[in-house]
Structure formats: structure tokens, C-alpha cells
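One structure is given here, and the rest of the page talks about it.
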Amino acid sequence: MKPIKFSKDETKAIVGEIKDYFREELDQEIGSIPAEMLMAFFAEKMGAYYYNRGVYDAQSALKERMDSLHDDLYALEQKTKHTR
């Protein structure tokens with residue numbers, strides 16, 4: 001898997017979320033550089049877990065859509081003397 005890369009705007013938004021979390025939930029201030037380092041740590045060490053969860057969810061959604069499509073196609077069949 002390729003390393004997870006974020007744009008400058010995404011990085012700025014994520015760093016802001018981390019700083020907000022520290023301030024609101026932990027009652028601590030964290031600077032932008034430590035917040036960006038924490039973000040990089042999670043992206044490197046935990047990113048694959050979140051990525052894989054997204055892949056699994058996409059596979060499940062696709063399977064549901066394919067099952068539904070299969071049912072829709074089956075419903076279009078005309079009755080004949082031949083059976084499958």
C-alpha cells in the first residue's frame with residue numbers, strides 16, 4: 001500500500017481537529033508541529049486499518065448492489081418450458 005498523503009489543506013484541517021480535541025477533551029494545548037507529528041504517526045501506523053475498513057465496507061456495499069441487480073435481472077426472465 002502506498003503511504004497515505006494529504007494535501008496542505010487536508011493537513012491543516014486535520015491538525016486543527018487534533019488541536020481542538022486536545023483543547024476540548026484533554027484540557028491541554030498542543031502546537032501545530034506536535035499535532036502534525038501525531039497525525040503522521042496515525043497515518044503511518046493506523047492508516048492501513050482505516051483504509052482496509054473502507055475497502056471492506058465498499059466490498060459489502062458492492063455485493064449488496066450486485067445481489068440486488070441479480071434479483072432484478074432474474075425478475076425480467078420470461079416463463080418458458082425450459083428450467084435452469
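Among (1) out of contact with any Asp or Glu (no Cβ under 7 Å at 6 or more places or on another chain); (2) closer than 30 Å to Lys5 by Cα, there is one condition Leu73 misses while meeting the rest; what is its number?
It fails just one condition, (2).
Could you please find all residues in segment 37-72 being among the charged types (D, E, K, R) and under 20 Å from the mean Cα position of the chain (by Cα)?
Answer for segment 37-72, where residues must be among the charged types (D, E, K, R) and under 20 Å from the mean Cα position of the chain (by Cα): Glu44, Lys45, Arg53, Asp57, Lys63, Glu64, Arg65.
Answer yes or no: is there a residue in segment 70-77 that is in contact (Cβ under 8 Å) with a residue 40 or more places away in the chain and surrounded by fewer than 10 Cβ atoms within 10 Å (Cβ to Cβ).
Taking every residue of segment 70-77 in turn, none turns out to be in contact (Cβ under 8 Å) with a residue 40 or more places away in the chain and surrounded by fewer than 10 Cβ atoms within 10 Å (Cβ to Cβ).
Could you tell me which residue of segment 3-19 is nearest to Pro34 (Cα to Cα), considering only residues that are of a type in the set (D, E, K, R) and modelled with pLDDT of 95 or more?
Lys19
The values are calculated or read from the model by the stated rules, or taken from the named source; none is laboratory data. Values in this document were obtained by computation on a predicted structure and should not be read as measured data. Here Cβ is always computed from backbone atoms with ideal geometry, including for glycine, and neighbour counts include all displayed protein chains.
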